[in-house]
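What follows is a short report on a single structure.
The values are calculated or read from the model by the stated rules, or taken from the named source; none is laboratory data. Everything numeric here is computed off the predicted structure, so don't read it as measured data. For neighbour counting, all protein chains shown are included, and Cβ atoms are generated from backbone atoms with ideal geometry for every residue, glycine included. What goes into the accessible areas is simple: the full protein's heavy atoms, side chains included, and nothing from ligands, DNA or RNA. Shrake-Rupley method; radii C 1.70, N 1.55, O 1.52, S 1.80 Å.
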Amino acid sequence: MARGGDGLQVLSALDAAKTQWYHFTAIIVAGMGFFTDAYDLFCISLVTKLLGRIYYTDTSKDSPGSLPPNVAAAVNGVAFCGTLAGQLFFGWLGDKLGRKSVYGMTLMVMVICSVASGLSFGHTPTGVMATLCFFRFWLGFGIGGDYPLSATIMSEYANKRTRGAFIAAVFAMQGFGILAGGIVTLVISAAFRAAYPSPAYRDDHFTSTVPQADIVWRVIVMLGAAPALLTYYWRMKMPETARYTALVAKNAKQAAADMSKVLHTEIVDEQEKLDAAEGANSFGLFSREFARRHGLHLVGTATTWFLLDIAFYSQNLFQKDIFTSINWIPKANTMSALEEVYRISRAQTLIALCGTVPGYWFTVALIDVVGRFAIQLLGFFMMTVFMLGLAIPYHHWTTPGNHIGFVVMYAFTFFFANFGPNSTTFIVPAEIFPARLRSTCHGISAASGKAGAIIGAFSFLYAAQNQDRSKTDAGYPAGIGVRNSLFVLAASNMLGFVLTFLVPESKGKSLEEMSGEAEDSEEEPVGARAVRPSETQMV
């Protein structure tokens, strides 16, 4: 009876392996990519106000400059467009060429484009913004590849008992990346503010933005290259995953040799068994068999990630605007340019420290205990509750004395995003699809998420504008306001809760069991096929 790689000793050894040093090495090496991803994607939101002051201030006006709507949308959103393209391309390439070889490519793209973004050249605002957007698109392209490859590599290295925690730990580095972005910006802006003191804009329009402010944003952006560069060597030393080598490349001998070194145990070469299973479960992504087995799973992972990212990225990118709207950050003309950057980064650091980072690590601790499904449902539900808790009494939160309450509620939405769907939508696609399509399907799911992030990044700029045209930011039309935008995000979260029921629970199961690669590959008579438990397990 031919079986699609089921029973290979090398895969059984990985599933049963005790937690050891190579697991933690893989978490750090893969996780530093995510640390860099988060830093690069979110640091731009900390300096967009500064970019507006430097390049678009008209000193004849009472308020400092801000990025025009189309420029702000491009600067904030272009990296997401690149990320979406990178997730699809590198996800597909990871299944064609192998995880390891493509992993190094994505990292070098990230390093080069981080530095190039900070060196954006030009003598006019248009020139600087155009080159910044160009390099941020390709930076996003490299970041995109990190999503399917990091998740797939970690899932294929891990044992089945703690696999969820290991993949979650890789993704949790995103929280540290967001926190690091806030801290780095806080330190650099504080240092420059002390070295080059300047008055508030309303006191002196000309000297409020010192020339050295142009260095600040460039240094912040370029520092994103450092952690990626530091881990490049270690990424290149990691062996190809045994599941790719055995199940996709069909080289059981190499898989056994690689994992014997990693696990420090003798693993038998079972090439004959693998050859006997040739042709088992060989259906493609666009086949009827894939649609029958995994079609609803892919719809579930893609749509839930899409809906989650609409809420998550619109909040993260524009929290500075929300804080301004509730008067937690003073009006721009009451501060100097560097003071404004300092205040914005302080607010983001506080939110990351209190809500973002703890949520990720709650997931790491509990995902293999309570399961992916329960955490995702809880996260979507609580995000809906806290969004409504912000939106319904919104006018109460914006009155003096109630701002801290708003910030606490806002931090809880981040906590339950990360102790919830922001983590699980990353984990599950790396566990439930066949090895030869795993990276591709994760890339498709992740790209759906980035489509949601693009909607959040571009539309929230406009939607959150005041309904009174006279009170909108310069150049923006009237929007639906922050309160109504929060209602829209709550509805998005509720729909995510419902669609979670399309996604199967993978806790405690091997990758081959979840993907169906452990199933009997013999042809069965038409009409006599029994329904297998793994196909009906729709939680």
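Per residue, the chain exposes 37 Å² of accessible surface when a 1.4 Å probe is rolled over the protein heavy atoms with every protein chain present.
Charged neighbours of Thr83, selected by a Cβ distance under 13 Å, balance to -2 (K, R count +1; D, E count -1). Specify the longest stretch of the chain that does not include any exposed loop site, a site being one of the GluC sites (Glu not before Pro) with a non-H, G, I, E, B DSSP assignment and at most 14 other Cβ atoms within 10 Å. Longest gap between qualifying sites, sites excluded: 1-265. Of all lysines in the structure, those lying under 17 Å Cα to Cα from Lys96, and not within fewer than 8 positions of it along the same chain, are Lys250. Computed from backbone phi, the HN-Hα couplings of the stretch 436-446 come to 6, 10, 4, 5, 4, 5, 5, x, 5, 5, 5 Hz, rounded to whole numbers (Karplus: 6.51 cos²θ - 1.76 cosθ + 1.60, θ = phi - 60°; Gly and Pro given as x). In order along the stretch 129-135, the phi-based Karplus estimate (6.51 cos²θ - 1.76 cosθ + 1.60, θ = phi - 60°) of 3J(HN,Hα) comes to 5, 5, 5, 4, 5, 4, 6 Hz; Gly and Pro are listed as x. Note on Lys509: lysines with a C-alpha under 20 Å away, same-chain residues under 8 apart excluded, are Lys18, Lys160. Using a Förster distance of 25 angstrom, determine the FRET efficiency expected from the C-beta separation of Asp203 and Ser470, and round it to 0.05. Calculated transfer efficiency: 0.50. If the segment from Thr124 to Phe24 were pulled out straight at 0.36 nm per residue, it would be longer than the present Cα-Cα gap by 31.3 nm.
Between rounded, prolate and oblate, where does the stretch 430-481 land on the alpha carbon gyration tensor, with a ≥ b ≥ c its root eigenvalues, rounded for a/c under 1.5, else prolate if a/b exceeds b/c? Prolate, because a/c is 1.5 or more and a/b exceeds b/c. In a fully extended conformation the segment linking Ala195 and Val299 would gain 32.1 nm over its present Cα-Cα distance, using 0.36 nm per residue.
Overall, the anisotropy analysis places the stretch 109-182 in the prolate class: the square-rooted eigenvalues a ≥ b ≥ c of its C-alpha gyration tensor yield a/c not less than 1.5, with a/b exceeding b/c. With axes computed from alpha carbons, what is the tilt in degrees of helix 99-118 against the longest principal axis of the chain, rounded to the nearest 10 within 0 to 90? Helix 99-118 and the main axis of the chain meet at about 10 degrees. Think of each Lys and Arg Cβ as +1 and each Asp and Glu Cβ as -1; about the Cα centre, that makes the dipole of the chain roughly 980 debye. Label-to-label distance for Ile480 and His264 is 5.8 nm, based on points extended 7 Å past Cα in the beta-carbon direction.
Over every Cα atom in the stretch 184-223, the radius of gyration and the widest Cα-Cα span, Dmax, amount to 10.7, 33 Å. Between Phe501 and Ser282, the FRET efficiency from the beta-carbon distance, with R0 = 35 Å, is close to 0.70.
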